[in-house]
Each structure stands twice: as C-alpha cells, then as structure tokens.
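Visitor: Structure in structure tokens, see below.
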C-alpha cells in the first residue's frame, strides 16, 4: 500500500476557501498515487514486461514454483529469489511444529533453543539496579530474583538476591 503525505490540512481553512482546499488535497492524493510504484505480476521470465513500466516498479515472478521479487531499474528487472515451494509446508517438511521438539535445547557445547527451566532462570536476572537505599524487594520482588545493585547513599556495589522474601547481598570490592 502506498504511503501518502499531505502538506495541508482542513483544520484551519477559512470556510470561504474550503472548496479550494479540498480540491488541493485531492489533487495531491491523485498526484502521489499516479507517481507511486506499480505492482506487476508475471508467471514466467519469458513474459514481456508491460507497456509503460517505469523505473522503480515492483515485479513479482512465479515461475516453476520459485517466487522472485524484483525492481525494474530502467533496463531490466533485478530479482531476489525467495526459493521454491509447492503448496503449504507440511509437518514432515519442517519437523514437529505443534510445540514439539524439532530444535534441541541449547547446551554448553551446542546451539539450540532455551529450555523452559533456563528461561525462568534468565528472567530472574534483573540486571543493574540503583537506588538511594540498600537492595530491596522493590528491585527484586520474586523469590530467586537477583542482580547487581548500587546503593547511591552508601556508595556500595553488591550482588543481591531475593531468597524467600529476604534480600541477601554480597559486597563487591
């Protein structure tokens, strides 16, 4: 969908000039739509480009199951391929898709997805917190929350952890 920009508004128009204002806005819309890129769809690369194609027009080409999108540069269409496909991808083509185990959990030696247990641990890290007081449950509200806390009054930097509603800290020096 083309983006349209107007450089005038009807908000502050004098009612005696309203008709001229509306005509101006509609002319701007027409000019912008006429200047925009056309979308052209081809079924094969041997198909002739349409009459009146302009530099910047976008061309979609679907030939032998390969989807290509291109831009006419004034002489030819420069395409980028999105690969071949036929119909919808199946579970066997992709692997288990129903919340399954297609991708293994990450380990300390292999890339992969984060396990649910590791996600919980990662969410417990609250990063660097700063306040004019010692670390509290305001910064680390849930059991297991932890992070690095700067006390701007005591001028200390500590590791802080919520353990059962009590904040424990270790001074870093």
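The values are calculated or read from the model by the stated rules, or taken from the named source; none is laboratory data. Every value quoted in this text rests on a predicted model; they were computed, and no experiment measured them. Don't worry about glycine lacking a Cβ; one is built from the backbone with ideal geometry, like all the others, and counts go over all protein chains shown.
Visitor: Inside the range 109-138, can you point out the residues that are in contact with a strand residue (DSSP E or B) (Cβ under 8 Å, 6 or more places away or on another chain) and assigned to a helix (DSSP H, G or I)?
Guide: Correct list: 118, 124.
Visitor: Still on this structure: I need the full set of residues from the range 127-154 which are under 14 Å from residue 169 (Cβ atoms) and more than 36 Å from the chain's Cα centre (by Cα), in order please.
Guide: Scanning the range 127-154 gives 133, 134, 151, 154.
Visitor: Give 48, 20, 69, 35 a once-over and let me know the one that is modelled with pLDDT of 70 or more and either within 33 Å of the chain's Cα centre (by Cα) or at positive phi (or both).
Guide: The conditions single out 69.
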